[in-house]
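Enquirer: Could you have a look at this structure, given as structure tokens, before my questions?
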Amino acid sequence: MKIAFRTDGSNAIGMGHVINSLSVAEALQKYPSNNKAEIFFIMKNFPEAVAKVREAGYNVEEINPGLPERESFKETIKILQEQKTYCLVTDLLEIHDDYSTELKKNKILCVSIDILGKIKLKSDIIINRTTISKRFEQYDRNQPTKYFFGPQYVPLRTQFIGMDKFPRQQQQKVQNALLCFGGGDEYNLSARVAWILGKFSGIKTTIVLGAAFKLEEELQEIIAQLPQQPTIIKDAKNMKDLFLQSDLAVCAGGSILYELAVTGTPALVIPMNDHQIENAQEFEKFGSVLSVDLHSEIEDEEIQGVIEKLLDQQLRKKMGEAGKKITDGRGAERIAEIIYSAVSKGNQDE
């Protein structure tokens, strides 16, 4: 049973889709089945993302990042045929055209992991983890696609399983702050927020840089002027422990919101694009984060003001408790079960 993941990551688009796909791949490998999957990835050859997947032990078939979507899909089909692949799992922000006829012609089962509800591909299965219900309304329900919606399908890494039950204590004083702006942080928000946090005495800052971050020289120049030097961690492998060691986090508005929630970590969210604004506002309704406007529209003084609010222990306690109600961290396991069930049924039908 051969399964391919079609996903991408880079400085510009971040690494969230790649991390999600790796989480599902890991769950597939651990799934209790007598017929273990052979997994490989099809990716645009952005070096940092490809290297991360290979580091995790998977083969990667690379495609030209300059190709338009339709040509890119033709390359994908060619690879699937050559590899005699049974199932394709897509994890892309948007898919603008429908290629399902070609997939069906080649007897390839298609599972799409989605966020925005903007994929035109008529997949056999669509899994959308979002809590934003309006994103579910954009799918064409006249198709025989099976849908799975909600945060119970958030594909977090294995390290987060069980954290929703882990008792989280909020310290009286904020001593440790964590900054994490995704795999690329193309606007260097890490440097900007580190500078703002430098105005708070007694707070130690840790900056997590993703595999696709390219502005380290600029970051180092800025933080060198701070009275207390932040700790910099590159491409962290154990985010769970970093969250648990932090009294608050300042981050972007992607998949990290679920990781913060399940570990009970209060956070300030600075969105990097429009759909992250929606994500941040949704989590603010849940009570697990505070959010501000788009990074390019917000002033440093407002960011500083929200951080001052987060110094309140009772507020952080409420936020931590609210986050643990959003998801249990077992979404990757559920997705693996959905894929195996579909593959098994397909084999029986044949």
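Enquirer: Being in contact with an Asp or Glu (Cβ under 7 Å, 6 or more places away or on another chain) and of a type in the set (Val, Ile, Thr) is the filter here; which residues of the stretch 19-55 pass it?
Expert: Within the stretch 19-55, ILE42, VAL50 qualify.
Enquirer: Another question, if that's okay. Please state which of the following conditions LYS345 fails to meet, knowing it meets all the rest: (1) loosely packed, with under 15 Cβ neighbours inside 10 Å; (2) in the same structural domain as ALA25 (by TED's automatic domain parsing); (3) in contact (Cβ under 8 Å) with a residue 40 or more places away in the chain.
Expert: All conditions are met except number (3).
Enquirer: Sticking with this one: Among the residues of the stretch 136-146, is any of a type in the set (A, V, I, L, M, F, W, C) and surrounded by 18 or more Cβ atoms within 10 Å (Cβ to Cβ)?
Expert: no
Enquirer: List the number of the failed condition for ALA322; all other conditions in (1) surrounded by fewer than 20 Cβ atoms within 10 Å (Cβ to Cβ); (2) small (Gly, Ala, Ser); (3) farther than 25 Å from THR158 by Cβ hold.
Expert: (3)
Enquirer: Next question. Among (1) under 18 Å from the mean Cα position of the chain (by Cα); (2) crowded, with 18+ Cβ neighbours inside 10 Å; (3) touching a residue at least 60 places away in the same chain (Cβ under 8 Å); (4) in a helix (DSSP H, G or I), which single condition is VAL193 missing?
Expert: With (1) under 18 Å from the mean Cα position of the chain (by Cα); (2) crowded, with 18+ Cβ neighbours inside 10 Å; (3) touching a residue at least 60 places away in the same chain (Cβ under 8 Å); (4) in a helix (DSSP H, G or I) applied to VAL193, the lone miss is (1).
Enquirer: Another one. Answer with yes or no whether GLU69 is more than 21 Å from ALA332 (Cβ to Cβ), assigned by TED's automatic domain parsing to the domain that holds GLN29 and either polar (S, T, N, Q) or in contact with a strand residue (DSSP E or B) (Cβ under 8 Å, 6 or more places away or on another chain) (or both).
Expert: In short, yes.
Enquirer: Would you confirm whether or not the stretch 70-84 contains a residue that is touching a Leu at 6+ places or on another chain (Cβ under 7 Å), in a loop (DSSP other than H, G, I, E, B) and under 21 Å from ALA342 (Cβ atoms)?
Expert: no
Enquirer: Is at least one residue of the stretch 23-46 under 30 Å from SER133 (Cβ atoms), crowded, with 21+ Cβ neighbours inside 10 Å, over 20 Å from the mean Cα position of the chain (by Cα) and of a type in the set (Phe, Trp, Tyr)?
Expert: No - not one qualifying residue is present in the stretch 23-46.
Enquirer: Same structure again: Among the residues in the stretch 296-309, are any within 25 Å of PRO167 (Cα to Cα), in contact (Cβ under 8 Å) with a residue 60 or more places away in the chain and outside any helix (DSSP H, G or I)?
Expert: no
The values are calculated or read from the model by the stated rules, or taken from the named source; none is laboratory data. The structure displayed is predicted, hence computed values, not measured ones. Every residue, glycine as well, gets a Cβ built from its backbone with ideal geometry; the counts of neighbours run over all protein chains shown.
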